Amino acid sequence: MDSDSLRAVFLGVVEGVTEFLPVSSTGHLLLVERFFNLGEDNFWKSFAILIQLGAILAIVVLYFVKLWQTAIGMFTDPAARRFVIGLLVAFFPAVVIGGLLGGVVKTYLFNPWVVCFSLIIGGAVLLWVDQLDLHPTEHDATAFPLPMCFGIGFAQCLALVPGVSRSGATIVSAMLFGSDKHAAAEFSFFLAIPTMIGAFVYDAYKSRAEMTFDHITIIAIGFVVSFVTAIVVVRAFLSYVTRHGFMPFAWWRVIVGTLGLIALALGY
């Protein structure tokens, strides 16, 4: 296996482990690429986005029955139709804001300094949320009120900044809007499906002229590895966060961000 394939395997594992944890998969991929000298050119920036679809496929597999029932009942079952509408409402802000600012963000904010500061700030937010005495009123991820869905979708747009964490932004906002931890995490998983598919299609289209057969092969390797890894991680995370909260993930963010800033200040 050549060096690029090994790189794809390693980054695929990082993506699969971090995509659904509130620690920022994109941020971790950018830091790994920087400090392990795994490439910071445009292809590897696109790679970090494109292999997210592998992790999303893990959600489709794990929730296949629920998603299939929703799909076939969308036109006959009011509850299924309501769930789909809620996801579309939550997805809408990412379409607009991501479409308008995605290129600018990728050009100017995809750098390790931004990632490190975002990790630390996001860690502080998770620690704060863990200390709140919340009284959730929403316990079903498929039945969130539409204004709540829109608010979660708007919060998701903060994750355009690498290091913020899409899952962290959506889970935290859902909890602040009244969801329990389990339902908040599940809604974050479901919302990831249209969001990441949209990001995949957008970035694949924008990068199409730069893609070679070798690039596609490398992306396929990262895709498969992230898929397999995410399947293992999702169930464990959902079980853990429901019972214990976010403190380990918060401190992980703060530690990684702080060590990253120290390394950057020393010239690494």
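The values are calculated or read from the model by the stated rules, or taken from the named source; none is laboratory data. Everything quoted here is computed from the prediction, not taken from an experiment. Note that each Cβ is placed from the backbone with ideal geometry, even for glycine, and that neighbours are counted across all protein chains shown. Ligands, DNA and RNA are excluded from the accessible area calculation, which covers all protein heavy atoms including side chains. Shrake-Rupley method; radii C 1.70, N 1.55, O 1.52, S 1.80 Å.
May I ask for the angle, rounded to the nearest 10°, between helix 213-244 and the longest principal axis of the chain, with both axes built from Cα atoms and the value confined to 0 to 90°?
Approximately 50 degrees, to the nearest 10.
At R0 = 35 Å, how high is the FRET efficiency between MET247 and LYS66 if r is their beta carbon distance? Nearest 0.05 is fine.
On the way: r = 29 Å, r/R0 = 0.84.
Given R0 = 35 Å and the Cβ-Cβ separation, E is 0.75.
Find the all-direction average of the projected area of the Cα convex hull for the range 146-215, expressing the result in square nanometres with one decimal place.
On the way: hull surface 22.8 nm².
Taking a quarter of the hull surface, the average projection is 5.7 nm².
Work from the charge dipole of the chain (Cβ charges, +1 for Lys and Arg, -1 for Asp and Glu, about the Cα centre) and give the residue of PRO112, GLY54, VAL96 farthest towards its positive end.
The residue sitting farthest along the positive end of the dipole is VAL96.
Which residue, chosen from PHE144, PHE237, PRO194, occupies the Cα position most advanced towards the positive end of the dipole of the range 135-256, where the dipole is computed from +1 (Lys, Arg) and -1 (Asp, Glu) charges on Cβ about the Cα centre?
Sorting the options by dipole projection puts first PHE237.
Let me see the P(r) profile for the chain: every Cα-Cα distance counted, bins of 5 Å, each bin given as a percent of all pairs.
1, 6, 13, 18, 20, 18, 12, 7, 3, 1, 0, 0, 0
Could you quote the convex hull projected area for the range 109-152, Cα atoms only and averaged over all directions, in nm²? Mind dumping the intermediate values first?
On the way: hull surface 18.8 nm².
Dividing the Cα hull surface by four gives the mean projection, 4.7 nm².
Using mean Cβ contacts within 10 Å as the protection proxy, how do 88-97, 9-18, 49-58, 113-122 order, highest first? Could you put the intermediate results ahead of the total?
On the way: 88-97: 18.3, 9-18: 22.8, 49-58: 25.1, 113-122: 21.2.
For the peptides 88-97, 9-18, 49-58, 113-122, the packing ranking is 49-58, 9-18, 113-122, 88-97.
For the chain, set up a GNM with springs between Cα atoms under 10 Å and report which of LYS66, LYS45, LYS181 has the largest fluctuation.
LYS66
Counting Lys and Arg as +1 and Asp and Glu as -1, each charge on the Cβ, what is the dipole of the chain about the Cα centre in debye, to the nearest 20? Mind showing how you got there, number by number?
On the way: 14 positive and 17 negative charges, 47 e Å.
Value, rounded to 20: 220 debye.
In degrees, nearest 10, range 0 to 90: what is the angle between the Cα axis of helix 181-206 and the longest Cα principal axis of the chain?
50
Hey, what angle do you get for helix 78-108 against the long axis of the chain, alpha-carbon based, 0 to 90 degrees rounded to 10?
Helix 78-108 sits roughly 30 degrees off the main axis of the chain.
Counting each pair of different Cα atoms once, what's the Kirkwood radius of the range 66-111 in Å, rounded to one decimal? If you can, show how the numbers build up before the last one.
On the way: mean 1/r = 0.0800 Å⁻¹.
This gives a value of 12.5 Å.
Work out the length of the dipole vector of the range 37-115 about its Cα centre, built from +1 on the beta-carbon of each Lys and Arg and -1 on the beta-carbon of each Asp and Glu, and round it to the nearest 20 debye. It would help to have the intermediate numbers written out before the result.
On the way: 5 positive and 3 negative charges, 49 e Å.
Once rounded to the nearest 20, the dipole reads 240 debye.
Ignoring any ligand, DNA or RNA, what whole percent of the accessible area of the chain comes from carbon and sulfur when the probe is 1.4 angstrom? Write out the running numbers ahead of the final one.
Details: 9040 of 12480 Å².
Carbon plus sulfur share of accessible area: 72 percent.
Work out how far the C-alpha atoms of the range 95-184 reach from end to end along every principal axis, then list the three figures in whole Å, largest first.
40, 29, 14
Which order do peptides 185-194, 129-138, 77-86 fall in by mean Cβ count within 10 Å, highest first?
Details: 185-194: 23.3, 129-138: 12.3, 77-86: 16.0.
Final packing ranking: 185-194, 77-86, 129-138.
Jot down the radius of gyration and Dmax of the range 1-160, Cα atoms only, both in angstrom.
When restricted to the Cα atoms of the range 1-160, Rg and Dmax are 18.1, 53 Å.
Using label points projected 7 Å from each Cα along Cα→Cβ, tell me how many nm separate ASN37 and LEU109, to one decimal.
3.1
The range 204-268: D in µm²/s via Stokes-Einstein (Kirkwood Rh, Cα pairs, 37 °C, 0.692 mPa s)? Write down the numbers at each step before the final one.
Values: Rh = 15.5 Å.
Taking Rh from Cα pairs, D becomes 212 µm²/s.
Hey, got the Cα dimensions of the range 160-201 along the principal axes, in Å, largest first?
32, 20, 12 Å, listed from the longest principal axis down.
Can you tell me the relative contact order of the chain? Whole percent, Cα pairs under 8 Å, sequence separation 6 or more.
Numbers: 395 pairs, mean separation 100.6, N = 268.
Once divided by the residue count of the chain, the mean separation gives 38 percent.
Of PHE10, ILE85, GLN156, which is farthest towards the positive pole of the chain's charge dipole, taken about the Cα centre with +1 and -1 on the beta-carbons of Lys, Arg and Asp, Glu respectively?
ILE85
Stokes-Einstein D for the range 1-96 at 25 °C, 0.890 mPa s, Kirkwood Rh over Cα pairs, in µm²/s? Could you put the intermediate results ahead of the total?
Values: Rh = 15.6 Å.
In µm²/s, the coefficient rounds to 158.
Hey, can you find the accessible area per residue of the chain for me, probe 1.4 Å, expressed in square angstrom?
Details: 12480 Å² over 268 residues.
Dividing the accessible area of the chain by its residue count gives 47 Å².
How big is the range 160-268 on each of its three principal axes, counting only the C-alpha atoms and giving the largest first in Å?
45, 40, 25
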